[in-house]
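Student: One structure is given below, represented as structure tokens, and several questions about it will come after.
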């Protein structure tokens with residue numbers, strides 16, 4: 001007789017450990033999975049550390065069969081997201097060993113969301129739209145870069161069997177950054193370089209808090225019309241800055257000023273996954289020393305552009321393209337000439353964000369990962 005799966009809500013520290021540790025069981029034979037730092041995952045789930053809980057509520061669920069943990073899922077409601085998506089809850093952090101477990105987990109998350117008054121569900125989003133949104137549906141045979149998710153190919157079918165349909169696709173673009181810009185873009189860059197009103201500068205890490213506030217203020221303005229947008233609170237800005245500071249390299253992160261005012265930025269980070277891949281998620285007893293040493297002078301094969309933004313007032317003008325390509329070109333030169341980095345990744349990019357899609361389609365670039373966010377009426 002088949003042992004049935006049991007789904008239960010969890011709250012204890014011991015259960016949260018089981019929740020986090022399941023990923024190591026699920027992906028132990030996947031050569032492309034990069035174990036995250038367990039301390040980071042636990043911090044994500046801790047209301048005492050993650051300021052996201054200041055405007056959101058969460059329930060975690062474990063699936064068990066015969067005493068073995070065989071799946072997990074989170075269900076959550078973000079009050080700030082309700083402003084743009086009324087009556088819509090989320091689920092995420094989804095992992096399952098089989099289709100029956102997947103169905104039971106998704107059903108449990110949906111029941112919890114209904115109990116919270118939600119009429120629609122989207123997922124997976126883990127936990128915020130700013131963390132790891134979407135399910136990987138294409139690009140499995142390449143390790144994910146920093147702050148990107150990796151999933152089992154079977155999950156796509158299991159989610160769709162639960163009645164979910166595509167809401168949005170998110171893309172990342174891989175590019176060979178040794179390739180020069182095409183003439184039309186090169187002319188745009190040269191025109192921008194001659195414009196005395198435009199200054200592109202490096203982030204000053206000695207003033208990191210102020211610089212982070214500038215970047216994230218531009219980001220909140222630039223992305224405010226995007227699907228699923230949730231503004232970052234002051235507490236989240238400070239929290240994000242604290243997490244990002246160790247992997248920020250001054251001359252890989254650029255702020256563009258127009259007429260003396262910051263109006264655009266591009267954040268480029270070394271692929272931290274290359275630095276942590278061999279730590280198996282553990283900083284102790286020796287992992288912390290290895291990571292601190294590697295962070296002293298980050299040297300990775302790849303870099304990623306997770307965030308870029310131009311203030312809304314410029315987005316419908318020719319200057320927007322000038323700003324974007326200046327930021328890209330100046331960073332490209334530093335990567336190739338100073339650090340010997342030849343490969344980059346840009347994204348994620350929403351499929352219907354035509355401005356960013358056109359910018360991401362640089363010479364030598366192509367989509368290397370597709371992530372899908374699903375939706376369902378409850």
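Student: Can you pull the one-decimal nm distance between simple spin-label points at residue 361 and residue 12, each 7 Å off the Cα toward Cβ?
Tutor: So the label points at residue 361 and residue 12 sit 5.5 nm apart.
Student: What does the helix-only formula give at 222 nm for the chain: each DSSP H stretch with n ≥ 4 adding -39500 (n - 2.57), the total divided by the residues, and the result rounded to the nearest 500 deg cm²/dmol?
Tutor: -10000 deg cm²/dmol, from helical runs alone.
Student: Quick one: Cα centre-to-centre distance for the range 42-115 and the range 250-279, in angstrom?
Tutor: Using only Cα atoms to place each centre, the spacing works out to 31 Å.
Student: Can you tell me the length gained on complete extension of the stretch residue 242 to residue 184, counting 0.36 nm per residue apart and subtracting the Cα distance?
Tutor: Length gained between residue 242 and residue 184: 17.0 nm.
Student: Beyond 24 Å, how much of the Cα-Cα pair distribution for the range 6-169 remains, as a whole percent?
Tutor: I get 30 percent for the Cα pairs in the range 6-169 exceeding 24 Å.
Student: Where the centre of each part is set by its Cα atoms, how far does the range 307-325 sit from the range 142-211, in angstrom?
Tutor: The two parts, judged by their Cα centres, are 14 Å apart.
Student: Work out how much length residue 301 to residue 377 would gain on full extension: take 0.36 nm times their residue separation and subtract the Cα-Cα distance, in nm to one decimal.
Tutor: Full extension of this stretch gives 23.1 nm more.
Student: Moving on. Jot down the per residue volume, in cubic angstrom and as a whole number, of the convex hull over the alpha-carbon atoms of the range 109-211.
Tutor: Taking only Cα atoms, the range 109-211 has a hull volume of 232 Å³ per residue.
Student: Rounded to the nearest 5, what % of the DSSP beta bridges within the range 175-371 are antiparallel ones?
Tutor: 85 percent
Student: Still on this structure, please answer the following. Pop a pseudo-label 7 angstrom from the Cα along the beta-carbon direction at both residue 337 and residue 131 and give the gap in nm to one decimal.
Tutor: Result for the modelled spin labels: 4.1 nm.
Student: Label points 7 Å out from Cα along the Cβ direction at residue 312 and residue 209: separation in nm?
Tutor: Label at residue 312, label at residue 209, 2.9 nm between them.
No lab work stands behind these numbers, since they all come straight from the coordinates. From a predicted model like this one, the values you see are computed outputs, not experimental measurements. Neighbour counts are summed over all protein chains in view; Cβ atoms, including those assigned to glycine, are modelled from backbone coordinates with ideal geometry.
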